[in-house]
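The values are calculated or read from the model by the stated rules, or taken from the named source; none is laboratory data. Given the structure is predicted, the values throughout are model-derived calculations rather than measurements. Note that we place each Cβ from the backbone using ideal geometry, even for glycine, and neighbour counts take in every protein chain shown. Ligands, DNA and RNA are stripped out before the accessible areas are found, and what is left, the full protein with its side chains, is counted by its heavy atoms. Shrake-Rupley method; radii C 1.70, N 1.55, O 1.52, S 1.80 Å.
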Amino acid sequence: MQIPAFTRSVVARNHAILTPDGYINSNVPGWTGCTVNVLVSEHMGAGFGQTLITARENGQVTGRTATAQIFFYVVRGECQVSVGGTVRLLKTDQFVYVPIEQEYLFDRFDAGTQLLTFHKVYEPLAGHLAPEVMFGEKDDSEARVHCNDEGLRIQALLPHKPAFDMAVNIFTYEPGAFLPLVETHQMEHGLLYLQGQAIYMLNQQYYPVQQGDAIWMAPYCPQWAAAIGKEPSVYIYYKNINRFPT
Ligand code: UGY
Ligand code: MN
């Protein structure tokens, strides 16, 4: 037997790579019949949370948001969601945004359905009502070319409206595509690789990453990525936006 003493996971001051081999279940009140892996949290210094829920058939994910909004994305499988008076089937690559002070219930899971969540304490903006419940899905025809490079496309899943203080985007790199600069910015990121492989540079360290890996990038963490392999590399990521810098 191989000694299980190796992992690609890294947790550093301003970034982290979390690979599925190290995931351990957390119990979250109201989220039953499922495995919950808390990937990003304030315990590592983050200003938001990211979890991955893997549900059994009898799973129920229910609660009422308080000060934090939650974005739920179906990474695989399907389930039913009841929120804001609407009951809907949610399939792979579809999402629902649950604003503050809102009850939600996910059930009727196909066994093994995975939900990715991003949650953040909502910062109200004077003159703007808080966002309402919103449904949507990954749609490559909605993706926009990034930095004039046809090999890089970003789809914004949430509207470009000042009421939203978080963005969730899907970033697709064609094989061999790479970011045209090393980004160093005040905004924070959490991400999950949905497809493919890449080399991610975080704070001058180069990491091989692939589908299923999660990454946290603190504010000002220098970041760069290049797709490797023969298929597109695709990640979904969180970013705080639209508020006065603190
Ligand atoms: O939106 C962003 O800041 C994005 N381009 N960053 C990233 O993918 N690491
Ligand atoms: Mn960035």
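Taken across the range 78-87, residues that are without any contact (Cβ under 8 Å) to a residue 24 or more places away in the chain and not small (Gly, Ala, Ser) do occur, with at least one present.
How about the range 134-184: which of its residues are under 19 Å from THR92 (Cα atoms) and touching a Gly at 6+ places or on another chain (Cβ under 7 Å)? Full working, then the answer.
Let us first name the residues in the range 134-184 that are under 19 Å from THR92 (Cα atoms), namely 134-143, 154-158, 168-172.
LEU157, the sole residue that qualifies.
Here the strands (runs of 3 or more DSSP E) wholly within the range 17-117 that include at least 1 residues being open to solvent by 50 Å² or more (accessible area, probe 1.4 Å), of a type in the set (A, V, I, L, M, F, W, C) and at pLDDT 95 or above are 31-40, 86-90.
Of the residues making up the range 223-246, those that are surrounded by fewer than 20 Cβ atoms within 10 Å (Cβ to Cβ) and more than 10 Å from ligand 1 (Cβ to nearest atom) are ALA226, ILE228, GLY229, LYS230, GLU231, PRO232, ASN240, ASN242, ARG243, PHE244, PRO245, THR246. Taken over the range 141-164, the criterion of being within 16 Å of ligand 2 (Cβ to nearest atom) and either among the acidic types (Asp, Glu) or over 29 Å from PHE244 (Cβ atoms) (or both) is satisfied by ASP149, LEU152, ARG153.
Report whether or not GLU123 is on the phi < 0 side of the Ramachandran plot, touching a residue at least 12 places away in the same chain (Cβ under 8 Å), of a type outside the set (A, V, I, L, M, F, W, C) and open to solvent by 20 Å² or more (accessible area, probe 1.4 Å).
Working: on the phi < 0 side of the Ramachandran plot: yes; touching a residue at least 12 places away in the same chain (Cβ under 8 Å): yes; of a type outside the set (A, V, I, L, M, F, W, C): yes; open to solvent by 20 Å² or more (accessible area, probe 1.4 Å): yes.
Criteria met by GLU123.
Each residue in the range 171-219 was checked for being over 24 Å from THR51 (Cα atoms), out of contact with any strand residue (DSSP E or B) (no Cβ under 7 Å at 6 or more places or on another chain) and either touching a residue at least 24 places away in the same chain (Cβ under 8 Å) or within 10 Å of ligand 1 (Cβ to nearest atom) (or both), and 3 pass.
Kindly provide the set of residues from the range 1-16 that are open to solvent by less than 30 Å² (accessible area, probe 1.4 Å) and either in a strand (DSSP E or B) or in contact with an Asp or Glu (Cβ under 7 Å, 6 or more places away or on another chain) (or both), ordered by number. Listed by number, the residues that qualify are HIS15, ALA16.
Quick one: is VAL168 within 11 Å of ligand 1 (Cβ to nearest atom), assigned to a strand (DSSP E or B) and modelled with pLDDT of 95 or more?
For VAL168, the condition - within 11 Å of ligand 1 (Cβ to nearest atom), assigned to a strand (DSSP E or B) and modelled with pLDDT of 95 or more - is met.
When the range 153-164 is filtered for residues that are surrounded by 19 or more Cβ atoms within 10 Å (Cβ to Cβ) and within 14 Å of GLY127 (Cα to Cα), only PHE164 remains. If you go through the range 165-211 and keep only what is more than 16 Å from ligand 2 (Cβ to nearest atom) and open to solvent by less than 10 Å² (accessible area, probe 1.4 Å), you end up with ASP165, GLY196.
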